[in-house]
Amino acid sequence: SFLVGLGTVALTVALAAPAGWPELRQRVTGGPALSFLLLIAQMIPGIIMAMGFYAIYLTLGVLNTLPGLILADTTLAVPFAVLIFTAFMSGIPDELLQAAVVDGAGRLRTFWSVVLPVSRNSIVTVSLFAFLWSWSDFIFASTLAGGGDHQPITLGIYHYIGNNN
């Protein structure tokens, strides 16, 4: 469970932080539509996603593996994380970003050296939510990693309670 949680946190932050930077979203045509799709993605029930992942993972041969479970848990955390990062990063003063440009920093350097350090509170928030969601996940764990050698703690507790009733 700890490895799944850490992997989910790392993948969620790596995908959502650049996606949540409002400067990048303004250049994408349909930025508001993308935000709406992220809200819709959060409304999809987990069991529906689990059945889709099961069919895909069975074909790819990654059923009952830790990377497969990490990827599945990340799909739950990324839409929320992008919205959190967008809200936090949109509050960064434009003067700070302009100062980085005056100092000769490009977009990537500005993001890495200015935006991410200023957004550390949002990184901590997203990391905690992603870790807690992956730690307490039962649907993906039982569907995608139920028969593997390494099972998350939620399945261990479930089997323990089931065996001792």
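The values are calculated or read from the model by the stated rules, or taken from the named source; none is laboratory data. In this text the structure is predicted, and so the values were computed from the model without any measurement. Counting neighbours? That spans all protein chains shown, and the Cβs are built from the backbone with ideal geometry, glycine included. For accessibility, only protein heavy atoms count, side chains too; no ligands or nucleic acids. Shrake-Rupley method; radii C 1.70, N 1.55, O 1.52, S 1.80 Å.
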*asked:* Checking the condition outside any helix (DSSP H, G or I) and at pLDDT 85 or above, which residue from Leu6, Leu63 passes?
replied: Leu63
*Quick check: is even one residue across the stretch 71-82 in contact (Cβ under 8 Å) with a residue 60 or more places away in the chain, more than 13 Å from Ala16 (Cβ to Cβ) and not in a helix (DSSP H, G or I)?*
no
*Quickly run through the stretch 128-145 and pick out the residues that are open to solvent by 30 Å² or more (accessible area, probe 1.4 Å) and among the small types (Gly, Ala, Ser).*
Ser136, Ser142
*Could you say whether any residue in the stretch 22-38 is over 15 Å from Thr86 (Cα atoms), β-branched (Val, Ile, Thr) and in a loop (DSSP other than H, G, I, E, B)?*
yes
*Could you tell me whether any residue of the stretch 94-103 is within 16 Å of Ala19 (Cβ to Cβ), of a type outside the set (A, V, I, L, M), surrounded by fewer than 17 Cβ atoms within 10 Å (Cβ to Cβ) and more than 19 Å from the chain's Cα centre (by Cα)?*
no
*Within the stretch 39-70, work out how many residues are closer than 21 Å to Gly20 by Cα and in contact (Cβ under 8 Å) with a residue 60 or more places away in the chain.*
1
*Could you grab me the full set of residues in the stretch 49-63 that are within 29 Å of Val124 (Cα to Cα) and open to solvent by 30 Å² or more (accessible area, probe 1.4 Å)?*
Met49, Phe53
